[in-house]
1. Please give the helix B:74-98 orientation as an angle from the longest Cα principal axis of chain B, in degrees from 0 to 90, rounded to the nearest 10.
2. Taking loop as defined by DSSP and a crowding limit of 13 other beta carbons within 10 Å, which GluC sites (Glu not before Pro) in the range A:1-104 fit?
3. List the extent of the Cα atoms of chain B along each of their three principal axes, largest first, rounded to whole Å.
4. For A:Glu9 paired with A:Ala103, estimate the spin-label separation in nm (one decimal), with each label point 7 Å from Cα along the Cα-to-Cβ line.
5. Under a 10 Å cutoff between Cα atoms, tell me which one of A:Leu112, A:Leu83, A:Leu30 has the largest fluctuation in the Gaussian network model of chain A.
6. Tell me, what is the FRET efficiency for B:Ser228 and A:Ser240 to the nearest 0.05, using R0 = 60 angstrom and their Cβ-Cβ distance as r?
7. Can you tell which of B:Gln217, B:Ala237, B:Ile192 lies farthest toward the positive end of the dipole of the range B:93-241, using +1 and -1 charges on the Cβ of basic and acidic side chains (Lys, Arg; Asp, Glu)?
8. For helix B:7-20, report the angle its Cα long axis makes with the longest principal axis of the Cα atoms of chain B; keep it between 0 and 90° and round to the nearest 10°.
2 protein chains.
Amino acid sequence: MGERLSQHERALRELRAMILQGRFEANARLSEPALAEELGISRTPLRQAMARLVEEGLLERLDTGRCRVASFTIEDIFDAIELRGVVEGTAARLAAERGISAAHAREGQEILASLDRAVSAPGGLDFETYVRLNARFHRLIAEMPGSAIIAREVERATRLPLASPSAFLQGQETVPDFAASLRHAQTQHRAIFEAITGREGTRAEALMREHARLARQNLRHVLKAGPSVAGKVPGLALISN
Amino acid sequence: MGERLSQHERALRELRAMILQGRFEANARLSEPALAEELGISRTPLRQAMARLVEEGLLERLDTGRCRVASFTIEDIFDAIELRGVVEGTAARLAAERGISAAHAREGQEILASLDRAVSAPGGLDFETYVRLNARFHRLIAEMPGSAIIAREVERATRLPLASPSAFLQGQETVPDFAASLRHAQTQHRAIFEAITGREGTRAEALMREHARLARQNLRHVLKAGPSVAGKVPGLALISN
DNA sequence: AAGGGCGTAAATGTATACAAAAAGCAGGCG
DNA sequence: CGCCTGCTTTTTGTATACATTTACGCCCTT
């Protein structure tokens, strides 16, 4: 599947990965010519990519026009997760209020069944599958209300710096109650889905917020576990203090 | 105050205004060379501006790379307003939960007092002042939680296509209960502010959502009033059906 | 007359050139 | 020893050139 993608798109992905992997020190100022040469492209598509990362919040534009890598406090990231829960909660509520299509219902059931198998696999937890299905579940709910705007903004909220639901899963492998935590999350997935199909909008929203709160709790565990674990979480390196 | 701004920023504002004023027909495909010449700039800064408008949702990027003016259904715009209420509501709730600074409290009181004067002016409603102060009030609440991320996302939610609280005020002048509607909104402003200072987060959030619901109701009135009134609302021209 | 193919014209994506502004640095001065 | 000043170097912002791709209209065919 030769997905032909443009230079600025490649640059966007590479730059984002570089930032999230902590390849720049926090607050580092970027040089367009230097980056362009490193990426093997000209400044034009690089600037496009940088502009998008500014929109995402991973880069900050200084008054002079230069860009620097943004740094976040723990509180900032907690806020981003909170906001993600709020926006996703709205999607869940609207889905419940408006009702969902049979196709969505079926796909939700399938994903949940697969997630069940992933968290209680006989040979231990199938981590990679869980991360992938978890993302699919959340995306499905974002699309349920049938609104392009809702879907787009949920997508954005998910990409708020370090608010990604699967971001912190990366570091959880070494956390004590890791498997239990994912089973708990999966329980929440089922509850959210049932609230949606049961047309309980308020409940669906509240449950989705609770789900985000679990993500925040997990982050706290990762941070407590120390830098050796925190280092496994992409982007956690650029947190200031 | 000679605010020196770059070409791409001028282009951004001009293009956004052109789109919102309905200067292009819905789904019109834009030509970079043509627009660049019309704006008197080269394609480079124009492309920057267009990329940002794609992010905002006012333009859509086609698979071929071309851009077209986005068109929205009424439902899309209702969703955008709903989402704005949700995000602003979160700002209000967090402000209440965390408490606000004395400076914020004082500024809120001042704005509310000025708004009171604007809605009950002896020589009739001071409309222009109301629009300006209303924007200040909402921005103040966005900044109250003291979180850069919250402030940024509220700002964004406000700019979601046609979700701006003051967008529909433009068309209300010819709507029957216009003044009464603004007095009602002002009552809500006071209630929201009091909920925040009273540390009632849940109530503050609910009130802010209710406030957004009023905006949606106003939009419905504008639409019912017919095209002569709807034409006064910037951007309403790009609604499909 | 309708449909398809081809050629021309125009659009985008990228690279590069250049001017204005900013940053850094060396040296002198207080 | 620190700080300011002027110069050099770099960086950003913009324009422009060019190649590749896409759109469009015309003509030919059936």
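1. Computed tilt is about 40 degrees.
2. Within the range A:1-104, the qualifying GluC sites (Glu not before Pro) (loop, at most 13 other Cβ atoms within 10 Å) are A:Glu3, A:Glu25.
3. 55, 40, 37
4. 2.3
5. Comparing A:Leu112, A:Leu83, A:Leu30 in the GNM, the peak value goes to A:Leu30.
6. Working: r = 54 Å, r/R0 = 0.91.
Given R0 = 60 Å and the Cβ-Cβ separation, E is 0.65.
7. Sorting the options by dipole projection puts first B:Ala237.
8. For helix B:7-20, the angle is close to 80 degrees.
Readers should treat all values here as calculations from the given coordinates under stated rules, not as data from a laboratory. Please read these numbers as outputs of a predicted model, since none were measured by experiment. Cβ sites come from the backbone with ideal geometry, for glycine too, and all protein chains shown count toward neighbours.
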